[in-house]
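These notes are about the structure you will find just below.
None of the figures in this text is laboratory data; all of them are computed from the coordinates on show. Please read these numbers as outputs of a predicted model, since none were measured by experiment. Please note: Cβ atoms are built from the backbone with ideal geometry, for glycine as well, and neighbour counts cover all protein chains shown.
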Amino acid sequence: MFPNQRNLCVRFAGAAGQGLQTAADLLGKAALRSGLYAYSYTDAGSRIRGGLNFSQIRVSTAALMGVVDKCDLLIALSKEAGEKFEDDLAENGAIIGLEQTDHPRSVPFGLEQLARETGSPKVAVTVGLASVCALLGIEQDLIDDLVSTRFSATPKLTETNKKAVSAGYQAVREWAHQQRYQLPLALESAVDRLWLTGHEAISLGAVAGGVKFVAAYPMSPATSNLTDLAAWAQDFGIVVEQAEDEVAAINMVAGASYAGARAMTTTSGGGFCLMTEGISLLGMIEAPAVVVLGQRPGPSTGLPTRTAQGDLHLVLHAGHGFFPRVVLAPRDVADGFEITAQAFDIAERFQVPVFVLTDQLLQDSQAVVASFNVANLPHQRHLLSRDQLNAMEHYQRFAQTDSGVSPLAAPGSSEQVVVVDSDEHDEDGHLIESAQIAKRMAEKRLRKAQHLQQAKLLPEPNIEGDLEGRTLIVSWGSTYQTIAEARAILRQKGQEFAHLHLRQLWPLPEELLRRTFDQSASLVVVEANLNGELATLLRQACLVQADHVLTRVDGRPMNVQELVDRLAGVVLS
């Protein structure tokens, strides 16, 4: 279905600080209000000013959220940007640069001159934004309103930017090829859609999941979750603490969870490494908690503003000693909301840490998505009520049960005593040295892990496409939309394969996977890391060896054309 949809890809390119992301954000909002879809991501270096960055946005008549390598319009806000990215222009693409040039792809106007005529050369990016909106057929009044809202705190700046919008629209009206890039608008379709970043969707999912305590130390790309929830804290009754470091953050989360609050932290790979002792504490005291880990390339500082999927084994094995855990991974912006909301229920229901694996691409990308359906989200708390506690002769925090999941109460809920200890402990929570009790408590944690394996945490993954006798592609995380679009293109060329995307990475649905692998002709795993972390996990847990592992390790996201080319080779082989 994807290839027949009309879309226009726009790349705002230049230096950090030139408003590239602001322009893409405003264009996304304009597309939403015009009844169109949009998907945006940013390629940026680790610097506040300068360098060569871009924000790329696809505006389309249907939800196209795959990353593409070609752009139809290049808004080049520096000479370097024009030279660097001119080869990335699609057929019939155009360059809208600071200066009008004799380049065969250049439009007959320059952004800087038009900006100077408004009184400020700094609004060249707004002229570029306006010219794109005019080419798409978006009404000028709409972008005027968005610009006025964005710069409402500074009336003079608002007026200058509105002049820049007028200049951009006028320049396009005088260009003979202005009709080439128009998309059909559908204003009535804009109802019940949202323009969100991935981190906003995840943060909203945390709110929907009932989070009441957040402690974290800033580390990109997860810092945005901390700032989102801090901004919303008063509205939703959330305590948000920027801790002095990650060690403090995870221990604060453990304390808040013990006290009965739904608690979470956000971090990236290096910060998570510091949390591993605290993660073990959660395992020992069986405290529910949610950890959002925004992946980026490593080791160490790596590429701090780039994307990767290299921390799956880190969260699977973090902490010393055995204790059960759950690992989830949203597949796109909208899925970030549902997965995170579900994570809080799973954590409290089974009294385990739940890790939500995202990455820089998913965290920082933006998309037009349907309004979230909250009707099916779990809203029940899994704490004993005061009446239940008062009816009990004696409460044991770590009581032995067939499932390994003990009754859970918050201290102070009644006169029952709630005890916890980071040492090995008995059923009451008091530390012990008894070999027999230590064995029973270890076996209790193992039973819980086995119970998790059998429990229905998330719906089983769907297999897209006819599987029997065909190649099966297995993926996880933010690669989903790009693979789905590549698959649609290859289907039109007569190359069929099936696609299985995992949102629950641990416990793995091993029975389903083994049954599925037995039906396929070959197995291909697609992931953005060096050594095939999911492929390794499938080999360990399901005893299956992937025929091909397609990876990307340079910190940039896989794109549709890249996967079309690479998948065509393995599907046909």
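Beta bridges per DSSP, both residues in the stretch 430-551: antiparallel share near 10 percent.
In whole Å, what is the distance between the alpha-carbon centres of the stretch 26-63 and the stretch 263-303? Computed from Cα coordinates, the inter-centre distance equals 30 Å. On the principal axes of its alpha-carbon atoms, the stretch 195-370 has extents of 41, 38, 28 Å, going from largest to smallest. DSSP beta bridges confined to the stretch 24-181 are antiparallel in about 55 percent of cases.
Per residue, the average separation of C-alpha pairs within less than 8 Å and at least 6 apart gives the stretch 426-572 a relative contact order of 25 percent. Taking label positions 7 Å along the Cα-Cβ direction at both VAL417 and GLN400, the computed distance is 2.1 nm, reported to one decimal. If the segment from ARG150 to ALA541 were pulled out straight at 0.36 nm per residue, it would be longer than the present Cα-Cα gap by 135.7 nm. Working note: Cα gyration tensor of the chain, eigenvalues times five, square-rooted, sorted largest first, giving semi-axes of 47, 28, 19 Å.
For GluC sites (Glu not before Pro), the sites in the stretch 374-442 that DSSP calls loop and that have at most 11 other Cβ atoms within 10 Å are GLU393, GLU415, GLU433.
Sequence-distant contacts, meaning Cα pairs under 8 Å at least 6 residues apart, place the relative contact order of the stretch 2-190 at 22 percent. For the stretch 431-512, the alpha carbon convex hull comes to 121 Å³ per residue, rounded to a whole number.
Please report, largest first and rounded to whole Å, the three semi-axes of the ellipsoid equivalent to the stretch 463-572, where each semi-axis is the square root of five times an eigenvalue of the C-alpha gyration tensor.
Over the Cα atoms of the stretch 463-572, the semi-axes work out to 20, 17, 12 Å.
Here HIS199, HIS313, HIS103, HIS548 are placed in order of increasing Cβ neighbour count within 10 Å, fewest first, which gives HIS103, HIS313, HIS548, HIS199. Over the chain, Cα pairs under 8 Å with separation of 6+ residues give a relative contact order of 13 percent.
Estimated purely from DSSP H runs of n ≥ 4, each contributing -39500 (n - 2.57), the mean residue ellipticity at 222 nm for the chain is -12000 deg cm²/dmol once divided by its residues. Each residue of the stretch 115-197 gets 111 Å³ once the volume of the Cα convex hull is shared out per residue. Where in the stretch 378-400 is the amide nitrogen less than 16 Å from a point lying 7 Å along the Cα-to-Cβ axis of ASP428? Within reach of a label on ASP428: 393-400. Counted by neighbouring Cβ atoms within 10 Å, the residues ASP141, ASP345 run from fewest to most as ASP141, ASP345.
If you take the Cα centroid of the stretch 167-212 and the Cα centroid of the stretch 319-387, the two points sit 26 Å apart. Note on GLU159 and GLU244: with the Förster distance fixed at 41 Å, the Cβ-Cβ geometry gives a FRET efficiency of about 0.40. Residues whose amide H falls under 5 Å from that of VAL240, counting only those 5 or more places apart or on a different chain, are VAL214, with hydrogens built in the peptide plane. Beta bridges per DSSP, both residues in the chain: antiparallel share near 40 percent.
Among VAL549, VAL356, the order by Cβ neighbours within 10 angstrom, fewest to most, reads VAL549, VAL356.
Which three numbers, in whole Å and largest first, are the semi-axes of the equivalent ellipsoid of the stretch 293-410 derived from its Cα gyration tensor as √(5λ)?
Those come to 34, 21, 9 Å.
Full extension of the chain between LYS84 and SER220 yields a length gain of 46.3 nm, computed as 0.36 nm times the residue separation minus the alpha carbon distance.
Note on ALA231 and LYS493: the model spin-label points, each 7 Å out from Cα along the C-beta direction, lie 4.1 nm apart. Average projection, convex hull of the Cα set of the stretch 386-454: 5.1 square nanometres.
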